[in-house]
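Trainee: Take a look at this one; I'll ask things after.
Coordinate-derived values only; no laboratory data. Nothing here was measured: the structure is a model prediction, and the numbers come from that model. We place every Cβ from the backbone using ideal geometry, glycine too, and count neighbours over all the protein chains shown.
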Amino acid sequence: MHPLIPGLLFVCSILLILFRPKQKVSCAPGPPSIPIIGNIFRVNLTEGAWKVFTRMKAQYGDIIFFHGLGTNILVLNSLKAVNDLLEKNGTIYSHRPVFTVAGELMGLDQSLALIPYGKEWREHRKLANIALSSVSVQKYRTVQEDLSALLIRDILINPGDFFKHVRLSAARVVMSVTYGFSVDTDDKYITHAEKTMEIVTTATVPGAFLCDFLPFMKHLPKWVPFMKEAAHGKFMIDTLVDRPFEQVKSELVSGTAVDSLARDLFSLGGSNVEFDHRIKWILGTMYGAGGEATYATVLTFIMAMALHTEKQKKAQEEIDLVVGTERVPTIADLPNLPYVKAVIKETMRWNPAFPLGVARRSSEGYVYEGHFIPKGTIVMPNIWAIASEPNSKYDPREFIPERFMDSLVSTIDPAAYAFGFGRRYCPGRFLADNSVSIMISTILAAFDIFPPANQNLKPNFSLNMISYPKPFDCRIVPRSENASRLIIQRAAHCQENSKI
Ligand code: HEM
C-alpha cells in the first residue's frame, strides 16, 4: 500500500463527516404565527379543538405544532404518530403538563393522573394496576349488575330524569367498588364529587388559566378572582379525597369494611403516613376519574340509540335470541352478543369520552420524522382524529356498528385509543368495560329509546376534557310489561341481598 493512502483515507473520512449532507430539522408544520403570540391562539375553541385539529390534518398532516407565550403544543392526529411517540418513546412522553392552577394551587399534582412521571408515579401506578387488574375486577361484577338493575328501575319510574339516573349510577359503581360504600340517591359524597369533577375537568384543559402560561401569577394576592377559584378548587378536591378515606379507614379498623379497592390496597402495605397518603390519593383519583367517563359513554349511547332506532332494534333482537326475555343480561353474556359489542365500540368511536386524550409533556428534545420537538412540549393525542379516520366504505361521522363486524374493510378498534396510550393508559379500563357493557346491554333489554315527539334531536356535546352529550330529550319506554316486571323483580332482589 502506498504510504500516503492511510493518511488520505483519514482526511477523506474527516471531510465526509464535516461536509455530509445535513438532515434538515425543522419544527412540525402549523398555522402561520405572529411574533411573541405565535400561532397558539389561532384555534377557534367554540366547536371543540379536536374537530379543528382534525380538519387541519388535511393541510398540515399527522403532527401539528403550535407555539406562543413560551408554550409549545404538538397535536398528534394519527395512531401511528401516537404510537411512535407515546408508546415507543414512553420515557420521554409519559409526563403530564404542569398545571400551575389545577396542579400546584388546587393540589391535583398529588393524583395518579397528574403526578409527574417518575418514582412516586410508579408506586401509585403499581398499586392501581394490582387493584384494577382484569382478574381483580371480576369480583365486582355482581355489584355492577345490581347497580345496572337499579339504574333501569330508576329510569322506569322516572324516564325524564335519565341524565340524573345515569350519572348517579356511574358514580355509585365507582363509589361501591372503590370504597365499598352503599349509596343513597342524594348521597353527600356523590353530590360533592359531581361539583368537584366539574371544577377539575375545566381546570385541566391546557391553557384554562392564563397563570398556566405565566406561572409567576401564582404569587398574586388571594383576592384575585382566579386565586379565589383555585382556593375553592383545593377545598373541594381535599374534601373529595379525605372524607371517604377517613370513613373507609375507620370501617377497616372496626372490621365492618366490605370488599373494595380500598380494602385490597390497605392489605398490600403497612400503615404509615406515606403509604396512607398514597392510598388516599389513589382511591380519590379512581373515584374522580372513573365515574365521569362512564357516565359520558352511556349518555352518548342513549343519544345514538334515539337517533338510530334501526341499530337499536338489531341489538335488542340479538339480546332476545341469546339471553331470552325471562331474565336481564349479565356480564357473562357479553361474549355471546357480538352486535351489542359492536354498538358499544361504535359509541366509543362516534364520540370518544376523551376526544383529546389526556395531555402529556416531553421531558427532552426529540427529532421525529425530520421535525424537532422541543423539551417541555405539551403533546395532545387527538383521539377524535384517530376515531374519525376515513375508510373506503364507512362514513366516519355516521353511527354504523356494522363497521366492526366487516372482515373486508377494517376499522381501528376503540380499545386502541379510547383508554389512552403507553405507560399512562387507563388502569381502570377493565372495570370501565364491564360497567359500560352491563349498563348498555341492560338498557337495551329493558327499553325502547325514541327521539322526542317533535323529532328534534341533534348531536351536541360539551367541549370540556370529558365530552358529554349536552342535555337532550328522548322517549324511553319499557319494551313490554314483562320487561318492566323483570326490572322491578331484579332491583328488589338486589336491594334485599346486598348492601346497596
Ligand atoms: C369509559 C370509561 C373510561 C374511559 C374512556 C377512560 C379513559 C382514560 C384515558 C383516555 C386516560 C388517559 C390515559 C393517557 O394519558 O394516555 C385515562 C387515565 C386514567 N384513568 Fe380512565 N377511563 C375510564 C374509566 C376509568 C375508571 C373506571 C377508572 C378507575 C376506577 C379510571 C382511572 C384512570 C386513572 C387513575 C387514570 C390516570 C392514569 C395515569 O396517569 O397514569 N378510568 N382514562
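Trainee: Length gain on complete extension for the stretch Asp259 to Phe372, per 0.36 nm per residue less the alpha carbon to alpha carbon distance? Could you put the intermediate results ahead of the total?
Mentor: Details: separation 113, 0.36 × 113 = 40.68 nm, distance 4.98 nm.
Answer, rounded to one decimal: 35.7 nm.
Trainee: Using only Cα atoms and rounding to the nearest 10 degrees, what angle (0 to 90) does helix 309-322 make with the longest principal axis of the chain?
Mentor: For helix 309-322, the angle is close to 70 degrees.
Trainee: From the P(r) of the range 147-228, could you give the percentage of C-alpha pairs in the tail past 20 Å?
Mentor: Value for the range 147-228: 51 percent of Cα pairs lie more than 20 Å apart.
Trainee: Another question, if that's okay. List the residues whose amide H sits under 5 Å from the amide H of Arg475, counting only those 5 or more places along or on another chain, with H placed 1.01 Å from N in the peptide plane.
Mentor: Here the answer is Phe450, since their amide H atoms fall under 5 Å of that of Arg475.
Trainee: Now for a different question. Give me, ordered by chain and number, the residues 5 or more places off Val379 or on other chains with an amide H under 5 Å from its own placed amide H.
Mentor: Under 5 Å from the amide H of Val379 lie the amide H atoms of Leu74, Arg360, Arg361, Ser362, each far enough along the sequence or on another chain.
Trainee: Continuing with this model, one more query. Within the chain, which is the longest segment that contains none of the trypsin sites (Lys or Arg not before Pro) sitting in a DSSP loop with at most 10 other Cβ atoms within 10 Å?
Mentor: After excluding every exposed loop site, the longest remaining stretch is 25-221.
Trainee: Additional query: Per 0.36 nm of contour for each residue apart, how much would the distance between Ser407 and His192 grow if the chain were fully extended, relative to their Cα-Cα spacing?
Mentor: 72.7 nm
Trainee: Per-residue ellipticity at 222 nm for the chain, helices alone: DSSP H runs ≥ 4 residues times -39500 (n - 2.57), over residue total, nearest 500 deg cm²/dmol? All intermediate terms of the calculation are to be shown ahead of the outcome.
Mentor: Working: 17 runs with 241 residues, N = 500.
Rounded to the nearest 500, the figure is -15500 deg cm²/dmol.
Trainee: Something else about it: Return the loop-located GluC sites (Glu not before Pro) in the range 289-369 (DSSP other than H, G, I, E, B) with at most 16 other Cβ atoms within 10 Å of their own Cβ; answer none if there are none.
Mentor: Here the sparse-neighbourhood loop sites are Glu326, Glu364, Glu369.
Trainee: Right, here's the next one. Cross-link list Lys195/Lys228; Lys51/Lys314; Lys164/Lys345: which exceed 20 angstrom alpha carbon to alpha carbon?
Mentor: The pairs that break the limit, which is 20 Å between Cα atoms, are Lys51/Lys314; Lys164/Lys345.
Trainee: Please work out whether the range 103-144 counts as rounded, prolate or oblate from its C-alpha gyration tensor, where a ≥ b ≥ c are the square roots of the eigenvalues and a/c under 1.5 means rounded, while otherwise a/b larger than b/c means prolate and anything else oblate? Don't skip to the answer; put the middle values down first.
Mentor: Details: a/c = 5.40, a/b = 2.00, b/c = 2.69.
Since a/c reaches 1.5 but b/c is at least a/b, the shape of the range 103-144 is classed as oblate.
Trainee: Report ³J(HN,Hα) in whole Hz for each residue of the range 102-112, in order, from the Karplus equation J = 6.51 cos²θ - 1.76 cosθ + 1.60 where θ = phi - 60°; Gly and Pro get x.
Mentor: Ordered by residue, 3J(HN,Hα) equals 5, x, 6, 7, 8, x, 5, 6, 8, 8, 3 Hz.
Trainee: Out of residues 5 or more away from His67 or on other chains, whose amide H comes under 5 Å of its own, with H placed 1.01 Å from N in the peptide plane?
Mentor: Amide H neighbours of His67, under 5 Å, 5+ apart: Asn39, Ile40, Ile73.
Trainee: Quick check: the angle from helix 5-19's long axis to the longest principal axis of the chain, C-alpha only, nearest 10 degrees?
Mentor: Roughly 50 degrees, rounded to the nearest 10.
Trainee: Quick one: 3J(HN,Hα) in Hz for the range 129-146, Karplus 6.51/-1.76/1.60 with θ = phi - 60°, rounded, Gly and Pro as x.
Mentor: 5, 5, 5, 10, 5, 4, 7, 4, 6, 4, 6, 9, 4, 5, 4, 5, 5, 4
Trainee: Right, another one. Under the Kirkwood approximation applied to all pairs of distinct alpha-carbon atoms, what is the hydrodynamic radius of the range 22-497 in Å?
Mentor: 23.5 Å
Trainee: I would also like to ask the following. Full extension from Ser136 to Arg243: what is 0.36 nm times the residue separation minus their Cα-Cα distance, to one decimal in nm?
Mentor: Here the segment from Ser136 to Arg243 would lengthen by 36.0 nm.
Trainee: Let me ask you something else. Taking neighbour counts of Cβ atoms within 10 Å as a proxy for exposure, in what order, fewest first, do Ile115, Ile383 appear?
Mentor: Going from sparsest to densest Cβ surroundings: Ile115, Ile383.
Trainee: Under the Karplus relation 6.51 cos²θ - 1.76 cosθ + 1.60, θ = phi - 60°, what is the ordered set of whole-Hz ³J(HN,Hα) values for the range 65-75, x standing for Gly and Pro?
Mentor: 10, 10, 8, x, 6, x, 10, 10, 10, 10, 9
Trainee: Just flag the chymotrypsin sites (Phe, Trp or Tyr not before Pro) in the range 191-254 sitting in loop per DSSP whose Cβ has no more than 15 other Cβ atoms within 10 Å.
Mentor: Trp223
Trainee: Another question about this same structure. Going by how many other Cβ atoms sit within 10 Å of their own, how do Val477, Val253 line up, fewest first?
Mentor: So the ranking, lowest neighbour count to highest, is Val253, Val477.
Trainee: Another one. Using the number of other C-beta atoms within 10 angstrom as an exposure proxy, rank Glu246, Glu87, Glu104 with the fewest first. Provide the component values of the computation, followed by the final result.
Mentor: Details: Glu246 10, Glu87 14, Glu104 17.
Taking fewest neighbouring Cβ atoms as first place, the list is Glu246, Glu87, Glu104.
Trainee: Just how far, in whole angstrom, is the range 475-493 from the range 217-263 if you go by their alpha carbon centroids?
Mentor: 38 Å
Trainee: Next up: Hey, any idea what Rg/Rh is for the range 186-312, computing Rh the Kirkwood way over Cα pairs?
Mentor: Value, to two decimals: 1.08.
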